[in-house]
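Colleague: One structure follows; several queries about it will come next.
Quick note: the coordinates plus some simple rules give every number you see, no bench work behind them. Bear in mind the structure is a predicted one, so any value in this text is a computation, not a measurement. FYI the Cβ positions are ideal-geometry reconstructions off the backbone, even for glycines, and counts take in every protein chain you see.
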Amino acid sequence: MNNIQKKTNGNKDMKWYGLPFIVVGLLITVTIIYTSDKKSSEIQIRINDLVNEQISGIVSSVSQNRGTITLRLKNKVNIPYYFEITRNYSLSPYDLNEFLQRGDSIYKAKNSMRLEVFRGNKSFYFILNERINQGN
């Protein structure tokens, strides 16, 4: 009987040893969620304020993650520009993030959402955060 009591008490003690791991795990999870939500809020603010910015330069990189396009220019590598899904169905590829190439020149005037893309002797355009030329 004494051995059974020791085993039972030992199991209870082991449960308490796991408590700090649970608490630390919860703190890490809450921190990750808070940081992710804060970053998402910052990106959404930047997207909403996009109309007030003039953008001009040569494309350094473009990527998409979870519906948000991130654009970096050679002259402003440390300043990312964020857009929502942007498409021009008259172009191929029609997604902005797939259409843009490193070395393309771009221009967006302040108080406008029209993004001009210059490649060689040709120019193309997108309306940021919109889908255009969808047809029927």
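Colleague: P(r) of segment 53-132 in 10 Å steps, Cα pairs, percent per bin?
Modeller: Reading the bins upward from 0: 20, 60, 20, 0.
Colleague: Can you check what the net charge comes to around Arg119, using other residues whose Cβ is under 13 Å from the Cβ of Arg119 (Lys, Arg +1; Asp, Glu -1)?
Modeller: 0
Colleague: Let me ask another. Hey, what do the phi angles of segment 63-70 turn into as Karplus ³J(HN,Hα) couplings, whole Hz, using 6.51/-1.76/1.60 and θ = phi - 60°, x for Gly and Pro?
Modeller: Using θ = phi - 60°, the values come out as 8, 9, 9, 6, x, 10, 8, 10 Hz.
Colleague: Still on this structure: Give me, ordered by chain and number, the residues 5 or more places off Asp104 or on other chains with an amide H under 5 Å from its own placed amide H.
Modeller: Distant-sequence amide H within range of Asp104: Val59.
Colleague: Given charges of +1 on the Cβ of Lys and Arg and -1 on the Cβ of Asp and Glu, with all other atoms neutral, how large is the dipole of segment 53-132 about its Cα centre, in debye to the nearest 20?
Modeller: 180 debye
Colleague: Hand me the trypsin sites (Lys or Arg not before Pro) from segment 77-118 located in a DSSP loop with no more than 14 other Cβ atoms within 10 Å, in residue order please.
Modeller: When the trypsin sites (Lys or Arg not before Pro) of segment 77-118 are filtered for loop state and at most 14 Cβ neighbours within 10 Å, Arg102, Lys110 remain.
Colleague: Then there is this: Determine the gain in length on full extension of the stretch Leu19-Arg102; use 0.36 nm per residue of separation and subtract their C-alpha separation, reporting nm with one decimal.
Modeller: Answer, rounded to one decimal: 24.8 nm.
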